[in-house]
Amino acid sequence: MALSDSKLKGMLKGHSDTKPRKVADGEGLTVLWRSSGKVTFVYRYRIHGKPKNVSLGEYNGEETGLTLKNARTKAQQCKGWLNEGHDPAIQLKIVKDERLRPMTVSDALSYWLEKYANEKRVNADTHRQQFNKWIVPHIGDLPINGISKHHWLSCFETRAKKYPVAAGYVLRNVQQALKFCIKRGFEVNRDIFDLDHEAIGAKKQAKRSRRLVDDASWDEFTQLVRWVDQGKMLPYYRNLLVLLISFGCRTQELRLSTLREWDLNRMIWTVPPEHNKTSDKDQKKGESGEIMRPIPLAIKPFIESLIASSPNEYLLGELKRAPAVSGWGGKVWQQLGHQNQWNLHDIRRTVATGLNDLGVAPHVVEALLGHSIQGVAGIYNRSQYLPEKLKALELWQDRLGLLRCDTENVVMLGRAG
């Protein structure tokens, strides 16, 4: 039967046996109970076919001892290490070494950035900048296991009034960072997890639906296409816009794109998992996380010129930071004299709308965008739909050609679908 706090307290009185008793809690967690009343939590496991056990700590019924709740958390942590192929006994020693000095809030956030976000998050630099603005100046030097709810509120209460959407984004990332630290064995005050958007005055970002085309007109998108063709901007941004308009991809997929992703022999652009937004989710489902897009013949010369002129590994010739690119893209609508604001991500929505208007099947559009197929179909369907994607992108290139020469005809075709 599972252990309980009352059972553990009763064990402190000891027993009459000459040998220690072993009382199992489940999931590998066991108590070693000695006749003297000493109670030790032990995690029992097998690795490389051999049985092993490691001590997690002593229970004494006081604050200085290990509680049942924390012992179970440590056991789950050991189980996670074991599933990853690591020996829990060794990992616990490593964690102990890391914890020789008290961890501050800054330490905890930096630990998450270095051990997780730098590899798993394409916008890790943005997280770091936001932590340095919202959190570090206020409580960065305080111990992470000693701060409470009012400390966190002091970080958000002023800036959240001016940046309510960003406040929610920062809170979510701080919570994820501290959950990561807890899983790695660090003691963290859990008050942060009681906070939500309402508590800090944050707002969730409203879902955007801005597109540069509608049932009545393709004028805005046509103006954008012709403006890009004129090339009255830095080459980096012109090349970026040409590819965004051609593929309907995410900006980060192009910003991070390297030359080796573009196979002009097979005419395939393969976006690796680390460059696309859904990679973690897809890998958990057993997918590779890659997005494969055929390269239409019409833009092959353009891609060849980018590859030939790039001075480094990046297709666009340099690696610009995400805030710089999004900041520039967020002002294009003003240069074109459009009444309603839009950003680079809205080009992606526009391409998706245009493909749907051309009669491209929804699942092909979703595959081109790099969206995971939802529901049961997504579990069993691993097809990249390369022939269907190629046909759709060639059809889209034909539409772009019409946009460049005759707006009126394009509007009529758009209405006809």
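The values are calculated or read from the model by the stated rules, or taken from the named source; none is laboratory data. No experiment lies behind these values; they were computed from the predicted model shown. A quick note on method: Cβ atoms are made from the backbone with ideal geometry, for glycine too, and the neighbour counts reach across all protein chains shown.
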Regarding region 289-312, can at least one residue be identified that is closer than 25 Å to Pro387 by Cα and at pLDDT below 90? yes
Can you pull out every residue in region 68-85 that is closer than 16 Å to His48 by Cβ and surrounded by fewer than 16 Cβ atoms within 10 Å (Cβ to Cβ)? Asn83, Glu84, Gly85
Does Lys93 fit the bill of being of a type in the set (Lys, Arg) and surrounded by fewer than 13 Cβ atoms within 10 Å (Cβ to Cβ)? yes
Considering only region 4-13, I want to know if a residue exists there that is loosely packed, with under 12 Cβ neighbours inside 10 Å, in a strand (DSSP E or B) and not assigned by TED's automatic domain parsing to the domain that holds Ile144. no
Inside region 28-50, can you point out the residues that are surrounded by 14 or more Cβ atoms within 10 Å (Cβ to Cβ) and among the charged types (D, E, K, R)? Arg34, Lys38, Arg44
Inside region 16-27, the number of residues satisfying the requirement of being assigned to a loop (DSSP other than H, G, I, E, B) and either within 36 Å of the chain's Cα centre (by Cα) or loosely packed, with under 13 Cβ neighbours inside 10 Å (or both) is 5
Long-range neighbours under 7 Å by Cβ, at least six apart or interchain, first residue at negative phi and assigned to a loop (DSSP other than H, G, I, E, B) within region 134-148, second surrounded by fewer than 18 Cβ atoms within 10 Å (Cβ to Cβ) and at pLDDT below 85: Asn145/Glu187
Scan region 49-65 and tell me whether some residue there is of a type outside the set (Asp, Glu), in contact with a Gly (Cβ under 8 Å, 6 or more places away or on another chain) and more than 21 Å from Lys183 (Cα to Cα). no
Name the residues in region 370-398 that are modelled with pLDDT of 50 or more, surrounded by fewer than 18 Cβ atoms within 10 Å (Cβ to Cβ) and farther than 19 Å from Arg266 by Cβ, would you? His371, Ser372, Ile373, Leu395, Asp398
Within the set of pairs 6 or more residues apart or between chains, which connect a residue that is of a type in the set (Lys, Arg) inside region 289-310 to a residue that is part of a helix (DSSP H, G or I) with Cβ atoms less than 8 Å apart? Arg293/Phe247; Arg293/Leu368; Arg293/Lys389; Arg293/Leu393
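For every residue, the table says whether it meets (1) at pLDDT 90 or above; (2) aliphatic (A, V, I, L, M); (3) under 22 Å from Gln91 (Cα atoms).
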| position | (1), (2), (3) |
| --- | --- |
| Glu27 | no, no, yes |
| Thr30 | yes, no, yes |
| Trp33 | yes, no, no |
| Ser36 | yes, no, no |
| Glu63 | no, no, no |
Does Val225 satisfy being closer than 26 Å to Trp342 by Cβ, in contact with an Asp or Glu (Cβ under 9 Å, 6 or more places away or on another chain) and either crowded, with 17+ Cβ neighbours inside 10 Å or among the aliphatic types (A, V, I, L, M) (or both)? no
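This table checks each residue for (1) over 19 Å from Ala352 (Cβ atoms); (2) in contact with a Gly (Cβ under 9 Å, 6 or more places away or on another chain).
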{"residue": "His150", "(1), (2)": "yes, no"}
{"residue": "Leu153", "(1), (2)": "yes, no"}
{"residue": "Ala167", "(1), (2)": "yes, yes"}
{"residue": "Asp194", "(1), (2)": "yes, no"}
{"residue": "Phe221", "(1), (2)": "no, yes"}
{"residue": "Leu224", "(1), (2)": "no, no"}
{"residue": "Ser246", "(1), (2)": "no, no"}
{"residue": "Arg255", "(1), (2)": "yes, no"}
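Among Asn145, Asn118, which is the only one that is in contact with a helix residue (DSSP H, G or I) (Cβ under 8 Å, 6 or more places away or on another chain) and not assigned by TED's automatic domain parsing to the domain that holds Thr73?
Asn118
Here is a yes/no grid of residues against (1) part of a helix (DSSP H, G or I); (2) surrounded by fewer than 14 Cβ atoms within 10 Å (Cβ to Cβ):
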site: Gly327; (1), (2): yes, yes
site: Trp333; (1), (2): yes, no
site: Gln339; (1), (2): no, yes
site: His345; (1), (2): yes, no
site: Arg348; (1), (2): yes, no
site: Ala352; (1), (2): yes, no
site: Val360; (1), (2): no, no
site: Val364; (1), (2): yes, no
site: Leu368; (1), (2): yes, no
